[in-house]
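Below you'll find the structure, written out as structure tokens, and then a few comments.
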Amino acid sequence: VSRRPDYGLDAPHVARNTLLIGLAGAALTAICRSVRAPRPLTVAAGAVALWGLTVAPFHVYSSRVLKPREARRLIDALRWRGDERVLDVGCGRGMLLVTAARRLANGGRAVGVDTWVARHHASTHGSATLDNAAAEGVGELVALCDGEARRLPFRDGSFDVVVSSLCVHNISWRPRERRHALEEMVRVLRPGGQLALMDIVYSAQYARTLRALGMQDVRHHWRLPLWGIAFGTVTAVKSPSPAWGGGACYTSDTR
Ligand SMILES: C[S@@+](CC[C@H](N)C(=O)[O-])C[C@H]1O[C@@H](n2cnc3c(N)ncnc32)[C@H](O)[C@@H]1O
């Protein structure tokens, strides 16, 4: 049975709560007007209504329209032959994974790894991801793994391309923990392989960390603030020489 892919809504509780606040503000505004409440109170209630009823739709628009657009742009920024081995770290319902898999017309394969923590993304679980890949016609090219971004279950240099969307900020408020995830992405990338990230808040920090890890051609771009939060993309290339200036290194023996 063919179905439309569904990549879900990011932080759906935020959209719901914002909408409820907006509706409450609208109701309070109506009450203030009907009882001729003091003007500052009516204006404050109106401001709350305007905020909630603007931000909630923008949240949905960010997830449904702007994020897929950014994902396509990010994947388009990479060079493709079609035979790449691709890893999506924190793939969730697979939006970036599937966008990348659509470029694999020449024998490539895409793997998504995730801890499947539902609170980070609406109904995130592997079956929805595989359904989305099938709905987009790339089901045969996609596989999923359980795994933690800071201890990726893959050997050094396993992938030609590593991508990640909106995962790393979730890992921890501690910069060191987010750095571990970036180190792992670099580790599993083959020399000369390409890395592409998009995330809220910390994207410029990722660019600095990747430079410190010896990645080359590191490019950071601030983009339209999706969900009203600073949002950016980073692309980088791993040095063709196998030696890289990274920190923590895990081998298949230590995982
Ligand atoms: C906001 S969702 C984004 C999902 C998808 N990449 C997208 O852009 O639609 C964040 C994803 O990262 C995963 N995640 C969070 N922390 C993780 C970790 N430490 N290791 C692996 N995945 C993680 C969550 O389970 C979730 O699927």
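Quick notes on this structure:
- Scanning the range 133-151 for residues that are in contact (Cβ under 8 Å) with a residue 12 or more places away in the chain and touching a helix residue (DSSP H, G or I) at 6+ places or on another chain (Cβ under 6 Å) yields a count of 8.
- Residues of the range 55-79 satisfying the condition of being of a type outside the set (Asp, Glu), touching a strand residue (DSSP E or B) at 6+ places or on another chain (Cβ under 8 Å) and closer than 22 Å to residue 220 by Cβ: 62, 67, 71, 73, 74, 75, 77, 78, 79
- Candidate set: the range 84-137, residues that are among the basic types (Lys, Arg) and at pLDDT below 95; chosen: the one nearest to residue 171 (Cα to Cα): 119
- Checked against the criterion of being β-branched (Val, Ile, Thr) and in contact with a helix residue (DSSP H, G or I) (Cβ under 6 Å, 6 or more places away or on another chain), the range 190-200 contains one or more residues that satisfy it.
- Residues that are more than 10 Å from the ligand (Cβ to nearest atom) and free of Cβ contacts under 8 Å to residues at least 40 places away in the same chain, drawn from the range 152-176: 173, 174, 175, 176
- Checked against the criterion of being away from the ligand (no atom under 15 Å from the Cβ) and in contact with a His (Cβ under 6 Å, 6 or more places away or on another chain), the range 177-198 contains not a single residue that satisfies it.
- Count - residues of the range 1-28 that are within 13 Å of the ligand (Cβ to nearest atom) and not aliphatic (A, V, I, L, M): 7
The values are calculated or read from the model by the stated rules, or taken from the named source; none is laboratory data. The structure presented is a predicted model; accordingly, all values stated were derived computationally and were not measured. Don't worry about glycine lacking a Cβ; one is built from the backbone with ideal geometry, like all the others, and counts go over all protein chains shown.
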